[in-house]
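Taking it in order: structure first as structure tokens, then the write-up.
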Amino acid sequence: MVRTDVLIAGAGPIGLTAAIELARRGVDFRIVDPITDPPQYAKAVGVQPRTLEVFEGMGVLNRILDAAIQMFGQMVYVNGEKVAQIEFATPADVPFGFTAIPQYATERILREELAMHGVQVERGLRVAGFEQDDDGVTATLDSDGGQQTVRASYLVGADGAHSIVRKGLGLTFEGAAFEEQYMLGDVEVDWSVPRGWAVRSMHQTDGTTDDLLVCIPLPGRGRYRMSMLVPEDLTGGSAAPDGIAHGFEGSRKPELHHIQAVLDRLAPEQVTARNLRWSSVFRISHRIVDAYGRGRVFVAGDAAHIHPPTGAQGMNTGIQDAHNLAWKLALAVAADAAPGLLDSYDAERRPVGEEVVGRTVRSAREGIGADSTDPDFVIRREAQLLIRYDDSPIVAKGAGGRAPDATGLTRDAVTGPMRLFSLLSRREHTVLLYAGGDSTADDIASFERAAQAAVAAARGHIDVYLIVATDADVATTVLPLIRDSAGDFARMYAAGESAVYVVRPDGHLSFAASRVDADELVTHLSSTFGASVSTTAGARPAVASPQADSGWREASLNEHRHLLLVDRLEP
């Protein structure tokens with residue numbers, strides 16, 4: 001029987017995100033997918049600003065941007081008349097904008113990054129079933145060559161809308177399907193619509209939409225993903241075997257003339273489509289599970305929630321599911337997690353899934369932003385920047401939101417200004433201690449004691465920075481020192497004379513306080529990190545594999561981080 005720490009079912013963007021995050025932390029895992037060749041069609045195309053922040057931390061941001069096109073906004077037409085022009089302008093405090101990139105390109109970049117960690121997707125393998133007990137999960141993998149049994153500590157189901165993992169857990173998947181069927185096609189057109197702008201054109205009768213064309217720009221010259229209602233000669237077809245109608249259906253492929261007919265009716269100007277690269281009929285469901293996991297088995301992405309593609313929320317939500325889960329699994333595998341840490345995955349992410357399902361269903365009927373007259377709120381919400389975990393068991397009162405970025409920071413040996421996000425490893429937690437201009441030597445000494453206590457409480461899985469106002473007297477500190485030279489950190493974090501913040505690996509604040517109290521900080525960290533020191537830290541594992549060897553190095557690094565700070569702070 002083959003053994004591993006984590007088995008990931010599904011190698012789409014969600015499974016690949018989980019895999020990269022586990023690999024970055026030295027976890028031994030396997031990722032399997034029944035599809036022998038990666039798909040080459042563009043399913044999801046939108047990548048939101050919050051997901052770009054995640055990709056920055058994963059080390060793939062530049063490659064994603066290289067393969068993407070910026071989305072500037074959407075032009076809306078009704079019965080041939082332009083009725084709105086919605087700009088996708090992100091606020092000045094947000095480092096990235098909206099982009100479009102074919103899903104297959106995103107997956108290719110993520111696979112390449114995973115390969116750099118020495119891991120390849122095992123294709124042609126399907127999780128056919130599993131059983132779990134108190135100590136782990138025993139899964140059966142099917143392939144053309146027969147079956148094999150895998151024993152894992154945890155199982156992650158990123159295996160899509162028809163998830164075997166979800167069914168094996170016995171989770172409900174309540175919801176319904178839209179009556180309408182849509183067709184999709186990737187085509188090229190030459191028209192006067194500016195590059196990077198989407199088009200939504202509708203025909204309405206008595207205020208009801210009865211014909212629809214949506215055009216999303218893609219990288220390339222004049223290339224668009226076009227979505228429209230299915231004509232009568234392409235309707236029909238049987239329901240999915242499990243009754244969940246969602247996704248691409250059968251062999252009914254729209255042809256160029258089908259798409260041209262809709263353009264002739266609804267395009268804002270006369271235009272001819274060409275170079276049809278891919279097409280399909282699409283049916284939409286909206287469903288969500290009753291739990292994101294049970295015991296040692298979890299679901300993420302389409303395995304947990306499906307909904308209309310309006311606003312490009314699906315893949316982005318799933319990537320953030322996986323990102324949230326992976327760092328928690330890594331701590332659990334290392335025996336450094338508090339007992340309830342993995343329960344926080346469902347507590348944090350299922351409310352997000354519920355909100356996204358409800359909102360996208362409304363938006364599909366009424367249009368994005370129809371429920372609000374505040375454009376800043378709509379943009380931040382669609383960019384997934386407003387997600388909060390206030391009710392999480394591992395988040396302190398007053399925290400839970402996305403940690404803001406800050407600019408104009410400086411530090412010794414760096415010749416130019418820095419962003420706060422460039423300090424964050426995105427692999428470990430980060431403690432940010434803030435000292436205002438009136439901070440005294442005694443204040444700095446208390447900060448150092450709090451830093452030492454935090455690193456010990458987190459078993460080395462934490463970085464610490466002292467951020468100071470330009471006039472603060474901190475000449476004697478031994479903590480890594482960052483100067484808030486532009487005052488942007490104090491503004492973005494509403495910091496007073498002293499403050500402390502804990503930023504999680506996924507970029508959310510788990511703790512924020514206007515005073516630095518070591519006991520309060522340690523008490524908070526105990527909700528995430530276990531109370532006892534792992535007996536295996538620093539010990540080389542018996543199993544020789546790239547991930548296992550990396551895990552030993554990571555354990556040593558955490559121990560080194562702890563000892564380095566202790567060495568700095570001790571007399």
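Between Glu174 and Asp211, the simple label model (points 7 Å from Cα in the Cβ direction) yields a spacing of 3.9 nm.
For segment 337-354, the Karplus equation 6.51 cos²θ - 1.76 cosθ + 1.60, evaluated at θ = phi - 60°, returns couplings of 8, 5, x, x, 4, 5, 5, 5, 4, 5, 4, 8, 8, 5, x, 5, x, 4 Hz by residue, with Gly and Pro reported as x.
Each of Gly146, Ala92, Leu521 was scored by the projection of its Cα onto the charge dipole of the chain, and the greatest displacement toward the positive side belongs to Gly146; charges sit on the C-beta of Lys, Arg, Asp and Glu.
Think of a 1.4 Å ball rolled over the protein heavy atoms: the chain then has 41 Å² of accessible area per residue. Expressed as a whole percent, the accessible area of the chain that falls on carbon and sulfur atoms is 50 (1.4 Å probe). Here the calculated FRET efficiency for Gln70 and Asp144, from their Cβ-Cβ distance with R0 = 45 Å, stands at 0.55, rounded to the nearest 0.05.
Rounded to the nearest Hz, the phi-derived 3J(HN,Hα) couplings of segment 270-278 under the Karplus curve 6.51 cos²θ - 1.76 cosθ + 1.60 (θ = phi - 60°) are 5, 8, 10, 7, 8, 6, 5, 8, 6, where x marks glycine and proline.
Of the peptides 511-518, 325-332, 263-270, the order by per-residue mean of other Cβ atoms within 10 Å, starting with the highest, comes out as 325-332, 511-518, 263-270.
Note on Asp264 and Glu122: their simple-model spin labels are 5.3 nm apart, each label 7 Å out from Cα toward Cβ. Seen from all directions on average, the chain presents a Cα convex hull projection of 27.0 nm². For segment 91-163, the Cβ-based charge dipole about the Cα centre amounts to some 300 debye (Lys, Arg positive; Asp, Glu negative; other atoms uncharged). Between Lys82 and Arg274, the FRET efficiency from the beta-carbon distance, with R0 = 30 Å, is close to 0.75. Heavy-atom accessible area for Ser227, with the other protein chains in place and a 1.4 Å probe, reaches approximately 30 Å².
Across segment 113-232, Cα-Cα pairs farther apart than 22 Å form 63% of the total.
Mean silhouette area of segment 342-465, derived from the convex hull of its C-alpha atoms and averaged over all directions, reads 11.3 nm². The Kirkwood hydrodynamic radius of segment 1-114, based on inverse pair distances between different Cα atoms, is 16.1 Å.
Ranked by the mean number of other Cβ atoms within 10 Å of their residues, highest first, the peptides 404-415, 380-391 fall in the order 380-391, 404-415. Other residues within the sphere of radius under 14 Å centred on the Cβ of Arg30, judged by their own Cβ, net out at -1 (K and R +1, D and E -1).
Can you compute the helix-only [θ] at 222 nm over the chain? Use -39500 (n - 2.57) per DSSP H run of at least 4 residues, normalise by all residues, nearest 500 deg cm²/dmol. My calculation for the chain gives -9000 deg cm²/dmol from helical runs alone.
Derived scalar couplings between HN and Hα for segment 176-190 equal 7, 10, 5, 5, 5, 10, 10, 10, 10, x, 9, 9, 10, 9, 10 Hz in order, rounded to whole Hz, by the Karplus curve 6.51 cos²θ - 1.76 cosθ + 1.60 (θ = phi - 60°), x for Gly and Pro.
The values are calculated or read from the model by the stated rules, or taken from the named source; none is laboratory data. Here the structure is a predicted model, which is why all the values come from computation and not from measurement. Virtual Cβ from ideal backbone geometry, glycine too; neighbours counted across all protein chains shown. We work out accessible area using only protein heavy atoms, side chains counted, and drop any ligands, DNA or RNA first. Shrake-Rupley method; radii C 1.70, N 1.55, O 1.52, S 1.80 Å.
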